Amino acid sequence: MNRYVISLIKKDLLLELRQQYTLYGIFLYVASTIFVIYITMGQPEEQVWNAMFWVVQLFVAVNAVAKSFLQESKGRMLYFYSIAGARDFVLSKIVFNGLLMMVMTLLSVGLFAVLLGNPVYNMAQFIGLAMLGGLGLSFTFTFLAAIAAKAQQQAALMAVMGFPIIVPQLLLLGKVSKIAFSPALFTGLLPFVGLLLAFDVLIIVLALILFPFLWKD
């Protein structure tokens, strides 16, 4: 990463720290959502636990990550256009949102284990898969937010574009993460991890290729 990317990441971090109500709002959203699940379902069985975890991760990604481009004004975008390149700008958003989503993932796993019980046999394996899945969701919604930011119907466009992309990804994450709930030793995890990593790399490459065309608009 060059100095422009690092400077833009620091800018986003400082904005989040100054506007603490936004960050605390996301934390409150995660905690309240999991608490509502606890009130209504208690401590569910492992399949329901796993499914609810990824549903919460999806909505956390929408609320925490998708706003990254939507909150940028035209004047601010023009300023960034004058000091940095398109690839530097979108890469900084991808990295920052990925770090933010990793924090939210750890928070979600902790609250799920405390409130909804811990049916996971291999917690380290599940946390690794959750972090990898959270990064994939953040990369996807960052890319979609970059496209939707240039349209007038931003929220609707993100929903339309995101549905066919997110659903297969969530199905894969839900199926792969079931491995961590089994006490049996599973040795065929590497191909699934490679598939998730390949999907993340594909999203980043598409963002770096396509965003410069949006940047010029």
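Observations
- Test: Ser108 is in contact with a Leu (Cβ under 9 Å, 6 or more places away or on another chain) and under 23 Å from Phe199 (Cβ atoms): no
- Pick from segment 19-66, criterion small (Gly, Ala, Ser) and buried (at least 16 other Cβ atoms within 10 Å of the Cβ), ranking: nearest to Pro119 (Cα to Cα): Ala61
- Residues that are in a loop (DSSP other than H, G, I, E, B) and either open to solvent by less than 90 Å² (accessible area, probe 1.4 Å) or of a type in the set (S, T, N, Q) (or both) within segment 1-18 comprise just one, Asn2.
- Test result for Met131, more than 25 Å from Val167 (Cβ to Cβ), surrounded by fewer than 19 Cβ atoms within 10 Å (Cβ to Cβ), in contact with a helix residue (DSSP H, G or I) (Cβ under 9 Å, 6 or more places away or on another chain) and not hydroxyl-bearing (Ser, Thr, Tyr): no
- Test: residue in segment 196-206 that is at pLDDT below 80, part of a helix (DSSP H, G or I), more than 16 Å from Asn97 (Cα to Cα) and open to solvent by less than 20 Å² (accessible area, probe 1.4 Å): no
- The residues of segment 23-43 that are over 18 Å from Thr105 (Cβ atoms) and either part of a helix (DSSP H, G or I) or touching a Gly at 6+ places or on another chain (Cβ under 8 Å) (or both), listed by number, are Val36, Tyr38, Ile39, Thr40, Met41, Gln43.
- Yes/no for Leu210 being under 30 Å from Gly85 (Cβ atoms), part of a helix (DSSP H, G or I) and at pLDDT below 85: yes
- Residues within segment 82-94 that are open to solvent by 40 Å² or more (accessible area, probe 1.4 Å), of a type in the set (A, V, I, L, M) and in contact with a helix residue (DSSP H, G or I) (Cβ under 6 Å, 6 or more places away or on another chain), tallied: 1
- Residues that are under 17 Å from Ile34 (Cβ atoms) and open to solvent by 30 Å² or more (accessible area, probe 1.4 Å), drawn from segment 98-109: Val103, Leu106, Leu107
The values are calculated or read from the model by the stated rules, or taken from the named source; none is laboratory data. What you are looking at is a predicted structure, and each value in this text was computed from that prediction instead of being measured. Because the Cβ atoms are built from the backbone with ideal geometry, glycine has one as well, and the counts that use them run over all protein chains shown. Keep in mind that these areas ignore ligands, DNA and RNA; they rest on the heavy atoms of the full protein, side chains included. Shrake-Rupley method; radii C 1.70, N 1.55, O 1.52, S 1.80 Å.
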